[in-house]
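What follows is a single structure, written as structure tokens, with notes after it.
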Amino acid sequence: MNAVTGTFVDVPTADGIADAYVTHPDDGRAHPGVLMYQDAFGVRPHLTAMADRLAAAGYTVLVPNVFYRHGRIPVVELPEFIDMEARPDIVGQVVPLMEALTPELTERDAEAYLGWFAQSPLVTDGSVGITGYCMGARLALYTAGTHPDRVAAAAGFHGGWLASEAPDSPHLLADRITAELYFAHADEDPSMPEDQVRRLEKALADAGVRHRCEVYAGAHHGYTQSDTAAYNPEAAERHWVELLALFGRVL
């Protein structure tokens with residue numbers, strides 16, 4: 001594994017400036033780009049540590065503050081350990097931010113993030129990979145569908161509402177996706193019930209998308225996030241194995 005260098009940068013978007021964390025191997029060379037989409041709790045030390053671990057495997061990783069319209073990092077002040085039962089007020093702060101990030105804004109912002117990769121000397125030429133967590137899994141699926149020429153691989157972990165009956169559900173973009181996909185659901189996740197798991201799988205299969213969808217047994221929504229009560233070490237390590245295999249194969 002490589003030593004890495006991480007710093008914060010500003011990414012110009014159509015609607016302002018998105019602050020973001022970028023990390024890359026400390027070897028003076030360009031590396032394949034990976035866009036990491038945050039969970040609902042935002043860019044924080046735990047997420048930047050995850051980005052560093054991914055960068056150490058040989059990637060230049062960008063973690064944008066997707067809530068930048070509401071302020072710079074940290075948009076919501078969080079405790080060191082996030083327990084939703086102990087701090088229900090956190091839900092009231094993050095849900096409106098999530099709801100405000102529409103598919104239209106997501107597509108527009110993705111154009112800016114992908115443009116950053118195209119212009120950065122830290123990034124090799126070619127398509128990028130995406131990984132997303134919680135709400136970030138939805139953003140990953142939207143981005144793969146709206147920018148198919150720029151995304152070679154996309155993964156999502158404990159994502160919610162990936163294949164709902166809403167008219168703007170991200171699974172409806174399946175026929176536009178050219179990337180290879182991997183989605184790992186939590187089997188104890190009310191935001192991704194069995195009917196949506198089946199609907200997503202069918203949409204991807206019908207569209208001929210290269211993909212694999214799995215359900216991690218005994219895992220709750222948020223299983224990759226070690227600073228939350230939902231963390232599951234075994235599921236989190238399994239996610240790393242699958243994510244690195246996907247990017248190693250495609251990027």
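Miscellaneous remarks
- Taking the criterion of being open to solvent by 70 Å² or more (accessible area, probe 1.4 Å) and under 30 Å from Pro12 (Cβ atoms), the residues of the range 75-95 that qualify are Glu77, Gln93.
- The residues of the range 75-89 that are in contact with a helix residue (DSSP H, G or I) (Cβ under 9 Å, 6 or more places away or on another chain) and without any contact (Cβ under 8 Å) to a residue 12 or more places away in the chain, listed by number, are Glu77, Pro79.
- Residue match in the range 203-223 (condition: in contact with a Pro (Cβ under 8 Å, 6 or more places away or on another chain), open to solvent by 20 Å² or more (accessible area, probe 1.4 Å) and in a helix (DSSP H, G or I)): no
- Note on the range 8-39: among residues that are outside any strand (DSSP E or B) and closer than 19 Å to Ala154 by Cβ, the one that is most open to solvent (accessible area, probe 1.4 Å) is Pro32.
- Within the range 166-186, residues that are in contact (Cβ under 8 Å) with a residue 40 or more places away in the chain have Cβ atoms under 9 Å from residues that are among the acidic types (Asp, Glu) and open to solvent by 20 Å² or more (accessible area, probe 1.4 Å) in these pairs: Asp168/Glu104; Tyr182/Glu214; Tyr182/Glu242; Phe183/Glu201; Phe183/Glu214; Ala184/Glu214; Ala184/Glu242, counting only partners at least 6 apart in sequence or on another chain.
- Residue that is surrounded by the fewest Cβ atoms within 10 Å (Cβ to Cβ) [pool: residues in the range 101-160 that are farther than 23 Å from Thr5 by Cβ and polar (S, T, N, Q)]: Thr102
- Only one of the numbered conditions (1) among the aliphatic types (A, V, I, L, M); (2) in a loop (DSSP other than H, G, I, E, B); (3) open to solvent by 30 Å² or more (accessible area, probe 1.4 Å) is not met by Val43, and that is (3).
- Residues in the range 46-74 that are without any contact (Cβ under 8 Å) to a residue 40 or more places away in the chain and open to solvent by 50 Å² or more (accessible area, probe 1.4 Å): Ala49, His70, Pro74.
- Condition met for Ala110 (within 30 Å of Gly33 (Cβ to Cβ) and either of a type in the set (Gly, Ala, Ser) or at pLDDT 95 or above (or both)): yes
- Restricting the range 233-246 to residues that are in contact with a Ser or Thr (Cβ under 8 Å, 6 or more places away or on another chain) and touching a residue at least 40 places away in the same chain (Cβ under 8 Å) leaves a set whose member that is farthest from Ala154 (Cα to Cα) is Ala235.
The values are calculated or read from the model by the stated rules, or taken from the named source; none is laboratory data. Computed from a prediction, not measured in an experiment: that's the story for all the values here. Using ideal geometry, Cβ is built from the backbone for each residue, glycine included, and neighbour counts are taken over all protein chains shown. Remember, those area values only see protein heavy atoms, side chains included, never the ligands or the DNA or RNA. Shrake-Rupley method; radii C 1.70, N 1.55, O 1.52, S 1.80 Å.
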